[in-house]
Amino acid sequence: MQFEGVFPDEQIVYALRRQLSWTHIKTLMFIPEPLKRDFYIEMCKLERWSSRQLQEREQRRENIEAQNRPLRDFFLIYVSESDKTYPLK
């Protein structure tokens, strides 16, 4: 996967680089779906996930999808592990 194909806008990369480590960005590059990648970017920023936490959560999501379980199972697991609540819009 080409870096330019995932992050075509240099300004986005500069903004991400100020908030996330290079290891975060490398991990995010291999998430092919833009919506999922954007979700993880936001969660890394909001929750201040380490690159290891990002990798663990992405692996958990992949495992849930491989079992053909609904993606909502991933979110329910995440919410049950989190002590934070977010308002629904």
Contour excess over end-to-end distance, with Cα ends at A15 and K45 and 0.36 nm allotted per residue:
9.7 nm
Two-site label geometry, L35 and R52: point separation in nm, points 7 Å out along Cα→Cβ:
3.2
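No lab work stands behind these numbers, since they all come straight from the coordinates. From a predicted model like this one, the values you see are computed outputs, not experimental measurements. Every residue, glycine among them, receives a Cβ derived from its backbone with ideal geometry; neighbour counts consider all protein chains shown.
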